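The values are calculated or read from the model by the stated rules, or taken from the named source; none is laboratory data. Just so you know, these numbers come straight off a predicted model, no measurement behind them. A quick note on method: Cβ atoms are made from the backbone with ideal geometry, for glycine too, and the neighbour counts reach across all protein chains shown.
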Amino acid sequence: MHSLRPVTIFWLLLVPLVADAQPSARPWPQCGGPTRDFHIESVPLATTWPDAGPPELWRRSLGRGQSSIVAAHDTLVTMLRDGDDEVVIALDPTTGATRWRYVYPAPLARNGYVDIWLNAAGPGPYSTPLIAGPRVFTVGLDGQFHALDLETGQLHWSHDLVERFELDVYNAFASSPVAFGELVLLPLGGSERGVVAFAGDTGLVMWESVPFAVAPSSPMLIDVDGQTQVVVMGQQEVAGLHPADGRLLWRHPHPNELGLNLSMPVWGPNNDLFTSSGYDSGSRMIHLSQIDGRTTPEETWHTNRLRIHFSNALRIGPLILGSSGDFGPAFLTAIEAETGNERWRDRRFARAHMLYADDKLIISDEDGQLALASLTDEGLEVLAEAQLLEAIAWTAPTLVDGVLYARDHESIVALDLKR
């Protein structure tokens with residue numbers, strides 16, 4: 001394991017890699033938005049829509065892929081597949097016009113590799129880019145890791161993760177990277193090699209964690225009584241690492257029939273960490289406490305009433321929301337954060353991603369239905385809804401200054417949700 005000198009760590013903590021969010025800019029630089037929890041401060045949103053849906057600013061064909069759209073410095077970035085190539089594409093947010101494309105070969109059967117997801121989920125890419133400072137970092141289906149110039153698309157550095165870390169056994173790369181200081185942290189998702197930290201400017205490997213089987217879910221940074229940690233979903237557990245040097249701080253079981261823990265955890269008040277997965281895994285709340293400088297995890301409840309597949313969970317006040325189900329229907333379900341007891345279940349929407357903005361819930365389901373709703377103790381009050389995308393809309397939408405960017409398996413659309 002490589003370690004960082006104390007002076008280097010101090011400098012990394014002082015110089016944040018993710019671009020500073022200007023109050024008026026409200027960027028969306030990473031998976032899950034500015035705070036990586038699908039909550040965003042927003043301008044007021046309209047509470048009613050015309051019958052055809054909110055005003056459409058532009059729409060264009062894009063290409064296959066489930067990569068979400070990130071936005072910063074007046075640029076949108078996402079990923080797609082074009083035959084045997086993968087493409088990182090930057091768009092103008094006001095018109096949808098292409099600013100640049102970075103194309104690289106990514107044949108699906110490289111080294112004889114065929115992923116079990118491909119028949120059902122399509123050929124990806126699945127990972128969401130990370131905009132950090134002047135660069136955008138992207139991970140392709142088969143482990144092609146690139147650092148590109150955000151303004152021009154010029155390549156700064158790259159790694160073939162399969163070759164660099166000699167991954168004999170791995171699944172499709174779906175984890176979205178996260179920034180910590182000048183580091184970019186990335187689980188070698190679907191493999192047994194754990195997590196790696198790269199220097200954002202050079203691509204040098206700064207540390208490698210202890211080996212453990214990591215799932216395709218994306219990592220997130222949390223603060224446990226003043227200590228920053230990175231939470232990583234393993235194939236059968238959840239673990240906390242020190243983001244400066246990769247030290248293992250704690251681990252707790254989160255078993256899964258297929259090792260496919262896909263949904264990102266949710267960090268909440270009182271050091272409570274929520275995790276949920278499909279494939280007979282369910283949801284659990286884990287309380288983290290610091291005693292004599294050591295973190296101790298304690299499971300406070302577990303339930304199978306909420307089993308989130310690949311979409312996201314939201315914690316809103318005393319409730320946790322998510323689409324429950326892996327195979328077959330998946331119903332929007334609310335459970336109590338304190339107890340795990342089910343509060344209500346709504347069958348109007350298919351499996352859905354959700355955002356929370358302006359005290360409202362934005363719902364985008366896999367059938368292409370978009371809705372705006374208020375949350376009540378009894379359930380959802382749907383304020384507006386419209387069919388705006390085609391089926392297989394598996395990508396979480398992005399909200400920037402009241403404009404929603406959403407994509408399905410072929411196209412991308414910009415919608416004005418402002419009041």
- Looking only at the range 201-260, and only at residues there that are of a type in the set (A, V, I, L, M, F, W, C) and free of Cβ contacts under 8 Å to residues at least 40 places away in the same chain, the one that is surrounded by the most Cβ atoms within 10 Å (Cβ to Cβ): V214
- Any hit, the range 332-339, residues being among the small types (G, A, S), under 23 Å from the mean Cα position of the chain (by Cα) and part of a loop (DSSP other than H, G, I, E, B): yes
- Out of all the residues in the range 45-64, which are over 15 Å from T95 (Cβ atoms) and polar (S, T, N, Q)? T47, T48
- Message: For the range 287-324, which positions are surrounded by fewer than 18 Cβ atoms within 10 Å (Cβ to Cβ) and farther than 23 Å from W250 by Cβ?
- Response: N304, R305, I316, G317, P318, L319
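Say whether the condition of being part of a strand (DSSP E or B) and in contact with a helix residue (DSSP H, G or I) (Cβ under 7 Å, 6 or more places away or on another chain) is met by at least one residue in the range 212-224.
Narrowing the range 212-224 to residues part of a strand (DSSP E or B): 214, 220-224.
From the residues that got through so far, the ones that are in contact with a helix residue (DSSP H, G or I) (Cβ under 7 Å, 6 or more places away or on another chain) too are 224.
Yes: one or more hits.
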- Message: Quick check on my filter: what residues within the range 155-192 are β-branched (V, I, T) and modelled with pLDDT of 95 or more?
- Response: V178, V184
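Among the candidates S209, S217, S263, S281, single out the residue that is under 22 Å from A330 (Cβ atoms), over 18 Å from the mean Cα position of the chain (by Cα) and of a type in the set (S, T, N, Q). If you could, list the steps in order and put the result at the bottom.
Working: S209 fails: under 22 Å from A330 (Cβ atoms); S217 fails: over 18 Å from the mean Cα position of the chain (by Cα); S263 fails: over 18 Å from the mean Cα position of the chain (by Cα).
One residue alone meets the criteria, S281.
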- Query: So which residues in the range 83-100 are part of a strand (DSSP E or B) and closer than 17 Å to Q66 by Cα, if there are any at all?
  - Reply: D85, E86, V87, V88, I89, A90, L91
- Task: Looking at (1) out of contact with any Pro (no Cβ under 8 Å at 6 or more places or on another chain); (2) assigned to a strand (DSSP E or B); (3) not acidic (D, E), find the lone condition where L355 falls short.
- Result: (1)
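Residue under question is E385, and the condition is that it be touching a strand residue (DSSP E or B) at 6+ places or on another chain (Cβ under 9 Å), assigned to a strand (DSSP E or B) and more than 15 Å from L57 (Cα to Cα); does it hold?
Numbers: touching a strand residue (DSSP E or B) at 6+ places or on another chain (Cβ under 9 Å): yes; assigned to a strand (DSSP E or B): yes; more than 15 Å from L57 (Cα to Cα): yes.
Taking the combined requirement at face value, the residue satisfies it.
Just the residues that are under 23 Å from the mean Cα position of the chain (by Cα) and among the aromatic types (F, W, Y), please, taken from the range 89-103. Walk me through how you get there before you give the answer.
Taking the range 89-103 as the starting set, the residues that turn out to be under 23 Å from the mean Cα position of the chain (by Cα) are 89-93, 96, 101-103.
Within the range 89-103, Y102 is the sole residue that qualifies.
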